Amino acid sequence: MSTIQIQLAASTDVGLVRKNNEDDFTVCPDLSAPNWSINETPEYIPLGEYGTLLVVADGMGGANAGEVASSITISTIQEVFTPDKIAEVLKDKSRIASFLTDVVKTANKNIVKHSKEDCSTKGMGTTIVLAWILDTRAYVAWCGDSRCYVFNPNVGFSRLSKDHSFVQELVDKGELDPEMAFDHPYSNVITRCLGDTEGETEPDIRIYQLHDGDTLLLCSDGLCGYCRDEQISEIVLDNQEDMIECKNKLINAALAEGGYDNVTVAMAKVKIPDEAMPEPDMNSTLNPRLRRKGLPRFFFFFVLVACVIAWLYYNGFKIPSL
């Protein structure tokens, strides 16, 4: 059994303005025995052999059934992440990224197919962000502006995902200061989503090396679109020992900002003992120029001796002749 432990929390809120919730989410605490629900407790549970999966989808389309698109996405994830398929993928972990890409593309195909068969849902779409916690790594995939953050009390708070949005493109081009992005009038315009028959639906993938005490936070823009990163970070810092309380306070913070959108939060905190951490790859940490030239170890010994002799000479010591 894994010595890594996780604490989970997740829920969604319709908000204070909208009448229906177009967000959807799912969490599977142990993919080796799929049970797509969590019994929220402050207790830690062992990380299973096949890991833990968290998914958030933010549907779009309003009257055109954005909630259908997000629901299709979640059901597709649940159908694909089966123990037999996971076992096949894990025979070669280099296939994980392509597997996640295929999963997202399958969800997109299912949405498009449904919209063609049911004209009342034409134009529906959804974002997606998922995090697959496997051993000491988190495999993050996303399409759209739903986000994945990571917080560690020793390192700080940062985004693991990067929005597929018009505003983010302006930032990338240097045409908009990142500090101004939050209040930009087109901050809700996304450039990539599932269900778009003309645009790009390719997800981005990031592999993140987990550290003891890391907290992963997945959310729809009902949170990050109304609460700045600094506010989110402060809430996580103040409530890092209890994911349930932390999740609830994040949702309440979004509601306090007006609750104009549905808000969904899924969180996972990890405990990783030292013995579970992988050994560093020394070949990747050595100076590559020295590694390519293959300098022998005694070279460094002679450099050290030369430095000692120079120091003795500088300080007036007489070097005996050999």
Over all alpha-carbon pairs of segment 61-200, lay out the pair-distance distribution in 5 Å bins, whole %, shortest bin first. 2, 9, 16, 18, 17, 16, 13, 7, 3, 1, 0
From phi via Karplus (6.51, -1.76, 1.60), per-residue ³J(HN,Hα) for segment 9-18 in Hz, x at Gly/Pro: 7, 6, 6, 9, 9, 5, x, 9, 10, 6
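Decide, for segment 1-140, between rounded, prolate and oblate: order the square roots of the alpha carbon gyration tensor eigenvalues as a ≥ b ≥ c, take rounded if a/c falls under 1.5, and otherwise choose prolate if a/b is larger than b/c, else oblate. Walk me through the intermediate numbers first.
Numbers: a/c = 2.81, a/b = 1.48, b/c = 1.90.
Oblate, since a/c reaches 1.5 and b/c is not below a/b.
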List, in order, the whole-Hz ³J(HN,Hα) value for each residue of segment 117-134 obtained from phi through the Karplus relation with A = 6.51, B = -1.76, C = 1.60 and θ = phi - 60°; use x for Gly and Pro. 7, 10, 5, 5, 10, 4, x, 6, x, 7, 8, 8, 9, 9, 9, 9, 8, 9
How far, in nm, would the chain grow between K19 and L90 when pulled straight, counting 0.36 nm per residue and subtracting the alpha carbon separation? 21.3 nm
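What does the charge dipole of the chain about its Cα centre add up to, to the nearest 20 debye, if the Cβ of each Lys and Arg holds +1 and the Cβ of each Asp and Glu holds -1?
On the way: 29 positive and 47 negative charges, 339 e Å.
In total the dipole reaches around 1620 debye.
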Which residues qualify? For R137, with a placed amide H closer than 5 Å and at least 5 residues away or on another chain, they are L210
Test of understanding: in a Gaussian network model of the chain with alpha carbons linked when under 10 Å, which of M277, M180, M243 would top the mean-square fluctuation ranking? M180
Rounded to the nearest 10 Å², the accessible area of R228 at probe 1.4 Å: 90
Which of F151, S94, L31 sits farthest toward the positive end of the charge dipole of the chain, with +1 on the Cβ of Lys and Arg and -1 on the Cβ of Asp and Glu? S94
Percent of Cα-Cα pairs more than 19 Å apart in segment 1-64, please. 43
In terms of Cα to Cα distance under 24 Å, which lysines are near enough to K269, apart from those fewer than 8 places away along the same chain? K93, K162, K247, K249
Ignoring everything except DSSP H segments at least 4 long, calculate the 222 nm mean residue ellipticity for the chain; use -39,500 (n - 2.57) per segment, divide by total residues, nearest 500. -10000 deg cm²/dmol
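Express the C-alpha Rg of the chain as a ratio against the empirical globular expectation 2.2 N^0.38 Å, rounded to two decimals.
Details: Rg = 24.5 Å, N = 322, 2.2 N^0.38 = 19.7 Å.
Dividing the Cα Rg of the chain by 2.2 N^0.38 Å gives 1.24.
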Check cross-link reach from K116 to the lysines: straight Cα distance under 23 Å, and skip same-chain residues fewer than eight apart. K105
From the phi angles alone, apply the Karplus equation (6.51, -1.76, 1.60; θ = phi - 60°) to segment 155-167 and give each ³J(HN,Hα) in whole Hz, x where the residue is Gly or Pro. 10, x, 10, 8, 8, 9, 9, 10, 3, 8, 8, 4, 5
With all protein chains present, calculate the accessible area of V14 using a 1.4 Å probe and round the result to the nearest 10 Å². 50
Please list, ordered by chain and number, the residues whose modelled amide H lies under 5 Å from the amide H of G15; skip anything fewer than 5 residues away on the same chain. V263
Counting only protein heavy atoms and using a 1.4 Å probe, what share of the accessible area of the chain belongs to carbon plus sulfur, as a whole percent? 53
Could you tell me the accessible area of C119 in Å² (1.4 Å probe, neighbours in place), rounded to the nearest ten? 110
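If you wrap a convex hull around the alpha carbons of segment 37-87, what volume per residue comes out, as a whole number of Å³?
Numbers: hull volume 4.7 nm³, N = 51.
Measuring per residue, one finds 93 Å³ for the Cα hull of segment 37-87.
The values are calculated or read from the model by the stated rules, or taken from the named source; none is laboratory data. Bear in mind that the values here come from a model prediction, so they are computed numbers and not experimental data. Cβ coordinates were reconstructed from backbone atoms using ideal geometry, including for glycine residues, and neighbour counts include every protein chain displayed. Each accessible area value is taken on the protein alone, full model and side chains, heavy atoms only, with ligands, DNA and RNA left out. Shrake-Rupley method; radii C 1.70, N 1.55, O 1.52, S 1.80 Å.
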